[in-house]
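Below you'll find the structure, written out as structure tokens, and then a few comments.
The values are calculated or read from the model by the stated rules, or taken from the named source; none is laboratory data. Here the structure is a predicted model, which is why all the values come from computation and not from measurement. As a convention, Cβ positions derive from the backbone with ideal geometry for all residues, glycine included, and neighbour counts pool all protein chains shown. Keep in mind that these areas ignore ligands, DNA and RNA; they rest on the heavy atoms of the full protein, side chains included. Shrake-Rupley method; radii C 1.70, N 1.55, O 1.52, S 1.80 Å.
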Amino acid sequence: MTMMRHRAALFLAAGLLAAPLTAANAAILEWACQGQLGEQQVIFNRDGLVVVDTKQKMGDVRKRRGEKLELPPGSPPYASYDVSRGDFEEPGPMEFTRHDDPKRKLVLTEKSTTRTSHKHRLICGRDEDEDTYRKIYSFQRESEPARDINMQCFWYQLSTRGGRKGCD
């Protein structure tokens, strides 16, 4: 009986090794927000937050989906913050620490959310969802009083195939 189990395990291992390799099935989840706060633009995603000294909009929030939060060359002066606590997906305050001085903190607390658009489609057996939101956050930097900031936010998700047939 032990010999049969051993053979079965070998056949199973051989079958797994011989199975064709397919494209990665990992899901993708990306999001970003930006808004005007007085004379400054505030932009954040899961990678961090920047406060830019300009009233000029720093591009379309939908193009800020990537992991790196980068501004175009020649951008006005800005302060960069790293995520220290919280997430767009979870309720509760998000805390950021200043990149060049970790003692300086900034806290965003979501006050309200309105979804302004939704798009869903099926791509090669994967669900793609894009949503835009108008969110109001309480913005508190260091010892300054909290202020409200209206932000436009974008959410993008591409699911795994979940066993569905792809485009191969």
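Below is a table of values for the structure above.
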{"read-out": "Residue in region 96-112 that is closer than 15 Å to residue 156 by Cα and charged (D, E, K, R) present", "value": "no"}
{"read-out": "Filter result (hydroxyl-bearing (Ser, Thr, Tyr) and under 18 Å from residue 59 (Cβ atoms)) within region 126-155", "value": "132, 133"}
{"read-out": "Cβ-Cβ under 6 Å pairs, at least 6 apart or on other chains, region 30-48 side among the charged types (D, E, K, R), far side in a strand (DSSP E or B)", "value": "30/156"}
{"read-out": "Region 136-168, residues that are open to solvent by less than 60 Å² (accessible area, probe 1.4 Å) and assigned to a strand (DSSP E or B)", "value": "136, 137, 138, 139, 141, 149, 151, 153, 154, 155, 156, 158"}
{"read-out": "Odd one out for residue 106 among (1) at pLDDT 90 or above; (2) open to solvent by 70 Å² or more (accessible area, probe 1.4 Å)", "value": "(2)"}
{"read-out": "Tally of residues being open to solvent by 70 Å² or more (accessible area, probe 1.4 Å) and not β-branched (Val, Ile, Thr) across region 115-135", "value": "7"}
